[in-house]
Every structure is written in C-alpha cells, then in structure tokens.
Amino acid sequence: MSFTEAQLAQWLADFLWPLVRIAAMLMASPIFNIRQISARVRMALAVLITLLVQPLLPAAPVVPVFSSEALLITLQQVGIGVALGFLMQMAFNALILGGQVMAFSMGLGFANMMDPANGVQVPVVSQFWLILAMLAFLLMNGHLVMIAAIVDTFTVLPVAVDGFGRAGIWEILSWASRMFAAGVLMALPVIVSLLLVNIGMGVVSRAAPQLNIFAIGFPITLMMGFLLMWITLPQVMTNFGRLVLETFERSAVVLSAG
C-alpha cells in the first residue's frame with residue numbers, strides 16, 4: 001500500500017485545522033478550562049473529538065505548512081474557537097458579577113475564596129452561584145452542546161483564510177454588555193430589598209439614637225441577605241439557563257456574521 005504526497009497533505013490538513021479550532025474552544029470555554037483539568041487532558045480530548053468528527057467535516061484547503069496562508073488559517077481557527085468559548089465564559093461571569101454586587105450589598109464583600117476555575121479570589125456568594133451554575137450546565141448537557149456547536153462551525157465557517165472577520169469581533173464586543181446587564185438583573189431583587197432594609201435601619205437610628213445601629217444593622221442585613229438568596233435562587237438559575245440559551249443563539253449570529 002502506497003500513498004501519494006498529495007494524499008498525505010490532504011489528510012494532515014483535514015486533521016490539523018479542525019484540531020486547532022476544537023483545542024482553542026476547549027481552552028477558552030467554561031468547565032473545560034478549569035485548573036483541575038490539565039492541559040494534557042484537554043489536548044487529548046481535543047484529539048479524540050477531532051478523530052471522531054473528522055470524517056463528517058468538509059475537506060480543508062491544502063497549503064504549505066510553513067507559509068503565510070497557513071499562519072492566517074491557524075489564526076482564524078484559534079479565533080473561531082476562542083470566540084465560541086469566550087461567549088459562554090461571559091455567561092458564567094455574569095453570575096460572578098451578580099454575586100459580587102449582592103455580596104457587597106449584604107456586607108459579605110470581605111469574605112472571599114479562591115475560584116478554582118479562574119484562579120482568582122471572588123466573594124463566597126459568587127462562588128456559591130458559580131458551583132450551582134456548573135452543576136446546572138452539566139445537567140443540561142451544556143458541555144455536549146458546546147462540542148456540537150464547535151463541530152457545526154465547520155459548516156457555517158469552513159476552514160479558510162478569511163473565515164472570521166471584523167463583523168464577528170464586533171458582535172462579541174456588543175455581547176459583552178449583556179454580561180453586565182444579566183449579572184445586575186440576577187442580583188437586582190436582593191439589592192432593592194437590602195436597600196429598603198438599610199433605609200429602615202436609617203429611620204430606626206434617627207428615631208432611637210441610643211441604639212448601636214452597626215451592632216444591630218449588620219446581623220439583620222446579613223440574615224436578610226441569606227434569606228433573599230434562598231428565595232431568589234430558583235429565579236437566578238432560571239435566568240442563567242436563559243442566558244446560556246441566548247449565548248448559543250448569539251454564537252450562531254457571531255459565526256454567521258464572521
């Protein structure tokens with residue numbers, strides 16, 4: 001059995017470019033990019049996914065490996081994969097932002113813990129929401145939908161030199177504002193309720209100046225914050241599910257715009 005140089009070049013192109021795009025998505029997307037999963041495991045998963053889906057993908061262009069076209073194609077694949085993972089990462093960051101706003105409102109802004117996903121310290125409220133969001137994302141098979149979405153991108157944006165342009169980048173930047181709006185929306189009921197509690201504490205301090213408002217107000221604010229977290233938790237997870245669905249829809253818009 002013998003193979004020609006053209007066949008070997010085509011097989012290499014059909015495997016290499018999809019591998020770069022899938023690996024970039026795994027490196028940038030939530031769940032897959034947590035520090036507990038090593039880079040070797042992510043790379044092995046990217047190779048496995050590429051081997052499984054490569055027969056279903058359209059043929060990739062054959063270009064010399066050490067050429068400007070190959071460099072542009074590689075950058076395009078990295079950009080598409082990172083864009084898809086980054087959009088989903090912003091959905092999780094909306095929870096972190098909402099948890100930070102809520103924590104500062106209820107007096108827990110000083111209570112931080114290490115986020116294992118990003119390697120930074122976040123308030124415990126944000127970490128609590130983030131853990132629940134990851135569990136909900138896995139229960140919704142969001143990781144499988146992410147893999148299916150990156151495979152579908154090869155139909156929308158085939159491997160080429162001019163795959164992802166300025167229009168797709170602008171769509172990503174415009175979607176970033178949705179993260180701030182979603183985070184504030186999730187924490188808004190708690191913020192408004194605690195604002196009313198603080199106003200009530202201010203009225204009490206004016207009516208009875210002899211009371212130590214700091215000794216009384218902080219425990220009340222803290223207990224009300226925990227109670228409101230328990231009450232609004234189902235709504236927060238529902239909003240997060242909607243945000244994830246919107247993110248997948250936005251991903252299709254970004255890729256079509258690219």
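Of note:
- Extension gain, Ala181 back to Leu139 (0.36 nm per residue minus Cα-Cα distance, nm): 12.6 nm
- As a calculated quantity, the FRET efficiency between Ala160 and Met43 at R0 = 41 Å, using C-beta atoms, amounts to about 0.95.
- In this structure, Val62 and Ala148 have a Cβ-Cβ separation that, at R0 = 22 Å, corresponds to a calculated FRET efficiency of about 0.25.
- Potential lengthening between Leu8 and Leu227 on full extension [0.36 nm per residue; Cα-Cα distance subtracted]: 72.5 nm
- Computed FRET value (nearest 0.05) for Ser205 with Gln235, which takes r as the C-beta separation and R₀ as 45 Å: 0.90
Read the figures in this text as sums done on the coordinates, not as results from a lab. Please read these numbers as outputs of a predicted model, since none were measured by experiment. With ideal geometry, Cβ positions are generated from the backbone for all residues, glycine too; neighbour counts draw on all protein chains shown.
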